There are 4 protein chains.
Amino acid sequence: MAESTTTLRVRYAETDQMGVVYYANYLVWFEVARTDLLRNKGWSYRAMEASGVVLPVIEAQCHYRRPARYDDVMEIRTDARLLSPVRMEFRYEVTVQGVPGVVAFGHTIHAALGRDGRPCRLPAQVARALA
Amino acid sequence: MAESTTTLRVRYAETDQMGVVYYANYLVWFEVARTDLLRNKGWSYRAMEASGVVLPVIEAQCHYRRPARYDDVMEIRTDARLLSPVRMEFRYEVTVQGVPGVVAFGHTIHAALGRDGRPCRLPAQVARALA
Amino acid sequence: MAESTTTLRVRYAETDQMGVVYYANYLVWFEVARTDLLRNKGWSYRAMEASGVVLPVIEAQCHYRRPARYDDVMEIRTDARLLSPVRMEFRYEVTVQGVPGVVAFGHTIHAALGRDGRPCRLPAQVARALA
Amino acid sequence: MAESTTTLRVRYAETDQMGVVYYANYLVWFEVARTDLLRNKGWSYRAMEASGVVLPVIEAQCHYRRPARYDDVMEIRTDARLLSPVRMEFRYEVTVQGVPGVVAFGHTIHAALGRDGRPCRLPAQVARALA
């Protein structure tokens, strides 16, 4: 199983009038985190997409435990695993750097699709990285 | 149980380089849909928030079945129900207007919090609307 | 010169912790407004893009006069004109429906590009609509 | 005059179906860049806002010269200056790291407002940092 940690700072744009990060933005952070994980494994999502394989999300879930605020430095711990030759899962845990307690956690499930829009096997390089 | 339908057109801003709606934007649409449902029940989220009760999301989930595209007219069928005196759930089903087949579906769970940030009972008016 | 008016309701997602609409979202509203203008002229941006002509923004400006708030119903009055055979301008004025006073105003300038990424003449149908 | 450079990587969420960064997102990057500039000057926008002074944008402009793409590492060079005791300007120049040529450039103008929503002098610490 592959793992990595992503660090990012909350943007003003990501807050809402409740004074905290708007809930949909966690899914954007998840995307940043999984791109980082793949890059850390020597693999580029951009390159894979250029080669004709895309990984659309087929399911996303997030549990929100505590608010995150503007200018907070967030840490997202991510792991990834194959669910099948054509499907993978990422799991995410979000904290504020240096602060105990989970802010949010969730997962996304992705299908590998080829140029024809049909399911295809994940590239061997990716499958190996996640094995 | 309260129900309503929201119609909106996909914005260019909501697409990504895969040529389809970016997955986090469905959670934004869910927010539009639940605000509409509450308004249709004679109740304003804005007014409730001004009165000191907020409804932060504590859980969100979305399943993605087919892509939505720029300029598509989306329909979001929403229902809402109380899970407890301090917690409610909205469920959403997203289609392209006039096109058979579900694009996405999901739910959000919300806790009612008072000015002090502590759980509080949903306003009686809201609880009645959802009963 | 072509003109139209777009109406939209402020989404919670569009607010920030200042309790007002985040400034970049006005540019998203401008995009919605110009798509509406073109549609009202019997013309679809989606169809044009499918035919191989895109209209990227080469300049955008917005002046912010008063805040807009969650759940406000906004009106965006838009006009469009050709600056040259390969360039067009949209201008926007944003108000809260039924409330005197301009919230914001601005403009965008667009270049017509063909499939090869090079400037091309605007489709005759569009040029006529804006004449 | 204060100056700084911000580095950020393009998120998938920031692209649109043209395969490039959606134009409104440059204004989000400008916000990240000016927050960084102020932090580099030993000053926190978050702390200022907590102290009761906000800096809403009253004008924003961006010129777009070349596209930016997913996963590109962007550099934003920013400078700031006082226009008056109650008004300041930031200017931004965006490039792809290591690639010659400007992707975009622009500016924002900000008014200092106090808790009462009325113009107020910029905090002395900020004014000094920008002198």
Would you say C:M1 is away from chain D (no Cβ under 14 Å) and among the aliphatic types (A, V, I, L, M)? yes
Considering each of B:Y23, B:Y70, B:Y12 in turn, give the residue that is touching a helix residue (DSSP H, G or I) at 6+ places or on another chain (Cβ under 9 Å) and within 14 Å of chain A (Cβ to nearest Cβ). B:Y23
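Specify which of the listed residues (D:T15, D:T7) is surrounded by fewer than 23 Cβ atoms within 10 Å (Cβ to Cβ) and touching a residue at least 40 places away in the same chain (Cβ under 8 Å).
Values: D:T15 fails: surrounded by fewer than 23 Cβ atoms within 10 Å (Cβ to Cβ).
Result: D:T7 is the single residue among D:T15, D:T7 that is surrounded by fewer than 23 Cβ atoms within 10 Å (Cβ to Cβ) and touching a residue at least 40 places away in the same chain (Cβ under 8 Å).
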Please identify the pairs in which a residue from segment C:50-76 that is basic (K, R) has its Cβ atom under 7 Å from the Cβ atom of a residue that is part of a strand (DSSP E or B), counting only partners at least 6 apart or on another chain. C:R65/C:V102; C:R65/C:V103; C:R65/C:A104; C:R66/C:V103
Exactly one condition in (1) touching a residue at least 24 places away in the same chain (Cβ under 8 Å); (2) part of a helix (DSSP H, G or I); (3) over 21 Å from B:S84 (Cβ atoms) is not met by B:V28; state its number. (1)
Is it true that some residue in segment A:78-86 is touching a Leu at 6+ places or on another chain (Cβ under 9 Å) and within 15 Å of A:L8 (Cα to Cα)? yes
Return the residues of segment A:2-26 that are among the aromatic types (F, W, Y) and in contact with an Asp or Glu (Cβ under 6 Å, 6 or more places away or on another chain); say none if nothing qualifies. A:Y12, A:Y22
Residue match in segment C:25-32 (condition: of a type in the set (D, E, K, R), crowded, with 19+ Cβ neighbours inside 10 Å and within 30 Å of D:R91 (Cβ to Cβ)): yes
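Scan segment B:33-43 for residues that are in a helix (DSSP H, G or I), open to solvent by 20 Å² or more (accessible area, probe 1.4 Å), more than 13 Å from chain A (Cβ to nearest Cβ) and in contact with a strand residue (DSSP E or B) (Cβ under 7 Å, 6 or more places away or on another chain) and report the count.
Within segment B:33-43, the first condition is being in a helix (DSSP H, G or I), and the residues that meet it are B:33-40.
Subsequent filtering for residues that are open to solvent by 20 Å² or more (accessible area, probe 1.4 Å) retains B:34, B:36, B:39-40.
Okay, now just the ones that are also more than 13 Å from chain A (Cβ to nearest Cβ), so B:36, B:39-40.
Then drop every residue that is not in contact with a strand residue (DSSP E or B) (Cβ under 7 Å, 6 or more places away or on another chain), which leaves B:36, B:40.
Residues flagged as in a helix (DSSP H, G or I), open to solvent by 20 Å² or more (accessible area, probe 1.4 Å), more than 13 Å from chain A (Cβ to nearest Cβ) and in contact with a strand residue (DSSP E or B) (Cβ under 7 Å, 6 or more places away or on another chain) within segment B:33-43 amount to 2.
In this structure, is A:P119 of a type outside the set (D, E) and in contact (Cβ under 8 Å) with a residue 40 or more places away in the chain?
Working: of a type outside the set (D, E): yes; in contact (Cβ under 8 Å) with a residue 40 or more places away in the chain: no.
So A:P119 fails the test.
The values are calculated or read from the model by the stated rules, or taken from the named source; none is laboratory data. Since this is a predicted model, take the numbers as computed values, not measurements. Cβ: placed from backbone, ideal geometry, glycine included. Neighbour counts: every protein chain shown. Protein only, heavy atoms only, side chains kept; ligands, DNA and RNA dropped before computing areas. Shrake-Rupley method; radii C 1.70, N 1.55, O 1.52, S 1.80 Å.
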